[in-house]
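Asks: Dumping the structure here so I can ask a few things about it.
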Amino acid sequence: MDVRDLRAIQWGRNYWWDILFPEAPAPFNSWFPASEVEEEVANLTAKQLEIWMSTYSIPESRAQRKVNVTFYDTENLTLLNWIEDWINNGIFNVGGDGGVSPLEECCKELLISKHKFLDTGEKKMVKQTQYWVFPNLPGGISYVGSSSNIAVPQYTVEFTIAGVLSVRGR
């Protein structure tokens, strides 16, 4: 392989993706480009074995995966209010008995779609993963006000992947 071969490769772009929370309030209940997404696609923990006078590693387990989403919000704080309600009323039942809901009721659907663009300018899905997720916020999520008139509300939320519903495009 030489430089000409490298130049001929169609390299990916880290901005060719979309996310979707179908249950989110409008205008966020259709595909919207959050400002950043970090999707943990795999992890592995190795176990070390000492055999005779050598040390070897073998695959042992995998940990819970996560997705981090950074998004801008509307002037009505649409997403912040939705996530607050999801946690306080959907997961912890503050309006009900105060207990924790079953996992099935704590989770919401999240789709992450990665694309490539064709020579025609159209985008084509390369891979789309459909997850069941719930917010994982050990430090909480807080409204942050600013006296700047150019500041836009922006939040980062970590979601734990409770299940993979489907993967298309592999």
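FYI, it's all coordinate maths here, none of it is from the lab. Every value quoted in this text rests on a predicted model; they were computed, and no experiment measured them. Here the Cβ is made from the backbone with ideal geometry for all residues, glycine too, and neighbour counts use every protein chain on show.
Asks: Any idea which of Thr129, Val144, Ala26 is furthest toward the positive side of the dipole for the chain, if Lys and Arg beta-carbons carry +1 and Asp and Glu beta-carbons -1?
Replies: Among Thr129, Val144, Ala26, the one farthest towards the positive end of the dipole of the chain is Thr129.
Asks: Need one word for the stretch 80-147: rounded, prolate or oblate. Basis is the Cα gyration tensor (sqrt eigenvalues a ≥ b ≥ c); a/c below 1.5 gives rounded, then a/b vs b/c decides.
Replies: Oblate is the answer for the stretch 80-147, as a/c is 1.5 or above yet b/c matches or exceeds a/b.
Asks: Take the Cβ-Cβ distance between Leu103 and Ser57 as r, set R0 to 30 Å, and report the resulting FRET efficiency rounded to the nearest 0.05.
Replies: Working: r = 33 Å, r/R0 = 1.09.
With R0 = 30 Å, the Cβ-Cβ based efficiency is 0.40.
Asks: Looking only at Glu50, Glu105, Glu122, which one moves most when the chain is put into a Gaussian network model with springs between Cα atoms under 10 Å?
Replies: Of Glu50, Glu105, Glu122, the most mobile in the Gaussian network model is Glu50.
Asks: Moving on to the next point. Given the options Thr74, Asn93, Trp16, identify the residue whose Cα lies farthest towards the positive end of the charge dipole of the chain (+1 on Cβ of Lys, Arg; -1 on Cβ of Asp, Glu).
Replies: Sorting the options by dipole projection puts first Trp16.
Asks: A further question follows. Taking Cα centroids, how far is the stretch 27-64 from the stretch 75-95 in Å?
Replies: Between the Cα centres of the stretch 27-64 and the stretch 75-95 lies a distance of 29 Å.
Asks: So if R0 is 41 Å, what FRET efficiency would Ser166 and Leu77 give, r being the distance between their Cβ atoms, rounded to the nearest 0.05?
Replies: It comes to 0.85.
Asks: Sticking with this one: In debye, nearest 20: dipole of the chain around its Cα centre with unit charges on the Cβ of K, R (+) and D, E (-)?
Replies: Computed charge dipole of the chain: roughly 800 debye.
Asks: Which one, Thr55, Thr45, Thr74, has the greatest fluctuation when you compute a Gaussian network model over the chain with C-alpha springs under 10 angstrom?
Replies: Highest fluctuation among the options: Thr55.
Asks: Can you compute the modelled spin-label distance between Ser35 and Glu122, with each label point 7 Å from Cα toward Cβ, in nm?
Replies: So the label points at Ser35 and Glu122 sit 3.4 nm apart.
Asks: So if we plug the beta-carbon distance of Gln64 and Glu23 into 1/(1 + (r/R0)^6) with R0 = 25 Å, what FRET efficiency do we get, rounded to 0.05?
Replies: 0.70
Asks: Mind checking which of Tyr131, Tyr155, Tyr143 has the largest fluctuation in a GNM of the chain, springs on alpha carbons under 10 Å?
Replies: Tyr143
Asks: How many lysine pairs in the chain, separated by 8 or more positions in sequence or lying on different chains, have Cα atoms less than 26 Å apart?
Replies: So the count works out to 13.
Asks: If each residue's Cβ is checked for other Cβ atoms within 10 Å, how do Asp2, Asp18 rank with the fewest at the top?
Replies: Ordered by Cβ neighbours within 10 Å, fewest first: Asp2, Asp18.
Asks: Once you have a ≥ b ≥ c as the square roots of the Cα gyration tensor eigenvalues for the stretch 12-168, tell me rounded if a/c is under 1.5, and otherwise prolate or oblate according to whether a/b is larger than b/c.
Replies: oblate
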